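Asker: Below is one structure. I have some questions about it.
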There are 2 protein chains.
Amino acid sequence: MDQQDEAFMIEALMLAQRGIELGDGGPFGAVLVLDGRIIGRGWNQVVKLNDPTAHAEMLAIRDACAHAKRFHLPGSVLYTSCEPCPMCLSAAYWTHIERLVYAAGAEDAAAIGFSDSEIKAELDKSTDDRVIITRQLFRERSLALFAQWRESDKRVDY
Amino acid sequence: MDQQDEAFMIEALMLAQRGIELGDGGPFGAVLVLDGRIIGRGWNQVVKLNDPTAHAEMLAIRDACAHAKRFHLPGSVLYTSCEPCPMCLSAAYWTHIERLVYAAGAEDAAAIGFSDSEIKAELDKSTDDRVIITRQLFRERSLALFAQWRESDKRVDY
């Protein structure tokens, strides 16, 4: 496992380097491995794509799932050149990833201006205390749609 | 603000309904509003796109940013038919959204099988205690890339 981890992490680091050379966004790369093969690749493209969600891990996950034609990848391993932010780590859980290997830590990313500590703190607050002003509206109308979905013959549970 | 909120939430609910009728994924819709106009729309397409990140809010954010050609949207408001999961809420912070209006609550989503409570709990654990097995490897190599990025004339800070 160790030698495999090293080879796959080197690929993630090479993708990070490619992104730096292209000027596509932050210096981060990731690959997703299933059954010993890379099936998804990504590097940060926030700037290039004007997409705040285009982190390396998100693009690697989306690339892998599109390739596998599945939205869950149990048994897969995500290699990323930097510890995932809460968005990317949550995405890893939604994808049912089994293992995560990262290189730089969240504190290293913060030292070059990519801090996710505020986001982590916000997630733990109640909605009333968050920086993003939050309001609940029309709960019942959404529940009616939930009921419609439960009755739908097109429903796919996941 | 109240009447505007109602009109925009109704649009988010209509998108959720469209997704249900198409069988694209979970029963969730969202719109992103800037300066009183909808500039991004999304509904859950996890099943259709084989993309575990294709939540309604993520697609609305990506649509809005592509339209605005910017990866930050300060002053914008996200309307979503259900309280965002940690992935989507984190994405809202990366996008610099100002306000969030949601209809159903996270507990309502859990009642129809879309629970994010495990993810929330995992985010608060140390890496050693998480369900996703986690390892750090090659930190120094990633730090060398961070240094390369800091020196790059293609660097765009964000």
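The values are calculated or read from the model by the stated rules, or taken from the named source; none is laboratory data. On a predicted model such as this, the values are computed, not experimentally measured, just so you know. Positions of Cβ are generated from backbone atoms using ideal geometry, with glycine treated the same way; all protein chains shown enter the neighbour counts. The accessibility values were calculated without ligands, DNA or RNA, using every heavy atom of the protein model including side chains. Shrake-Rupley method; radii C 1.70, N 1.55, O 1.52, S 1.80 Å.
Asker: Where both residues lie in chain B, what percent of DSSP beta bridges are antiparallel, nearest 5?
Answerer: Details: 10 of 15 bridges.
Here the share of antiparallel DSSP bridges comes out near 65 percent.
Asker: Could you do me a favour and compute the accessible area per residue for the range A:9-158, 1.4 Å probe, result in Å²?
Answerer: In whole numbers, the range A:9-158 has 40 Å² accessible per residue.
Asker: Label points 7 Å out from Cα along the Cβ direction at A:Lys48 and A:Glu21: separation in nm?
Answerer: Between A:Lys48 and A:Glu21, the label points sit 1.2 nm apart.
Asker: Beyond 29 Å, what share of the Cα-Cα pairs of chain A remains, rounded to the nearest whole percent?
Answerer: Cα-Cα pairs in chain A separated by more than 29 Å: 30 percent.
Asker: From the phi of every residue in the range A:35-49, what ³J(HN,Hα) in whole Hz does the Karplus formula 6.51 cos²θ - 1.76 cosθ + 1.60 yield, where θ is phi - 60° and glycine or proline is x?
Answerer: Here the 3J(HN,Hα) series is 6, x, 10, 6, 10, x, 10, x, 9, 4, 10, 4, 6, 4, 8 Hz.
Asker: Tell me which lysines have Cα within less than 26 Å of A:Lys154's Cα, excluding those fewer than 8 residues away on the same chain?
Answerer: Within the straight-line limit of under 26 Å, A:Lys154 reaches these lysines: A:Lys69, B:Lys48.
Asker: Right, something else. Give me the lysines in straight-line cross-link reach of B:Lys120: C-alpha distance below 24 Å, same-chain residues under 8 apart excluded.
Answerer: Those lysines meeting the cut-off are A:Lys120, A:Lys125.
Asker: In whole percent, what relative contact order does chain A give with Cα contacts below 8 Å and a gap of six or more residues? Spell out each step's value before the answer.
Answerer: Working: 255 pairs, mean separation 24.9, N = 158.
It rounds to 16 percent for chain A.
Asker: Hey, another quick one. Provide a whole-number value for the mean count of partner chain Cβ atoms within 10 Å of the Cβ atoms in peptide A:51-61.
Answerer: What the average comes to for A:51-61 is 5.
Asker: Something else: Distances from B:Gly113 to the same residue in each other copy, label points 7 Å out along Cα→Cβ, in nm, shortest first?
Answerer: When each copy's label point is compared with this one, the spacings are 4.5 nm.
Asker: With θ taken as phi - 60° and the coefficients 6.51, -1.76 and 1.60, list the Karplus ³J(HN,Hα) couplings across the range A:16-31 in order, rounded to whole Hz; mark glycine and proline as x.
Answerer: Those phi angles translate into 4, 5, 4, x, 5, 5, 7, x, 7, x, x, x, 9, x, 7, 10 Hz.
Asker: Would you please state which residues of the range B:83-108 a label at A:Ala144 would reach in this model, taking the label point 7 Å out along Cα→Cβ and a backbone N cut-off of under 16 Å?
Answerer: Answer for this model: B:103-104.
Asker: Can you pull a Stokes-Einstein diffusion coefficient for the range A:6-61 at 4 °C (1.567 mPa s), Rh from Kirkwood over Cα pairs, as a whole number of µm²/s?
Answerer: Values: Rh = 10.8 Å.
Rounded, D is 119 µm²/s.
Asker: For every helix of n ≥ 4 consecutive DSSP H residues, a contribution of -39,500 (n - 2.57) applies; sum these over the protein assembly as shown, divide by its total residues, and give [θ] at 222 nm rounded to the nearest 500 deg cm²/dmol.
Answerer: Taken over the protein assembly as shown, the calculation gives -14000 deg cm²/dmol.
Asker: Hey, another quick one. Given R₀ = 22 Å, what would the calculated FRET efficiency be for B:His67 paired with B:Tyr158, taking r from the Cβ atoms and rounding to 0.05?
Answerer: Efficiency, rounded to the nearest 0.05: 0.75.
Asker: Place the label 7 angstrom along Cα→C-beta at B:Lys154 and in each other copy, then list the distances from the first to the rest in nm, shortest first.
Answerer: 4.2
Asker: Also, quick follow-up: Using alpha carbon centroids, what distance separates the range A:36-109 and the range B:2-61, in Å?
Answerer: 23 Å
Asker: What list of ³J(HN,Hα) values in whole Hz, one per residue of the range A:64-75 in order, does the Karplus curve 6.51 cos²θ - 1.76 cosθ + 1.60 (θ = phi - 60°) give from phi, with Gly and Pro shown as x?
Answerer: Per-residue couplings from phi come out as 5, 5, 4, 5, 7, 6, 9, 9, 10, 10, x, x Hz.
Asker: When the accessible area of the protein assembly as shown is split by element with a 1.4 Å probe, what percent falls to carbon and sulfur?
Answerer: 48 percent
Asker: With +1 on each Lys and Arg Cβ and -1 on each Asp and Glu Cβ, and nothing else charged, work out how big the dipole of the range B:111-158 is about its Cα centre, in Debye to the nearest 20.
Answerer: Approximately 240 debye in magnitude.
Asker: Going highest first, how would you order A:12-18, B:147-153, B:63-69, A:57-63 by mean Cβ packing within 10 Å?
Answerer: A:57-63, A:12-18, B:63-69, B:147-153
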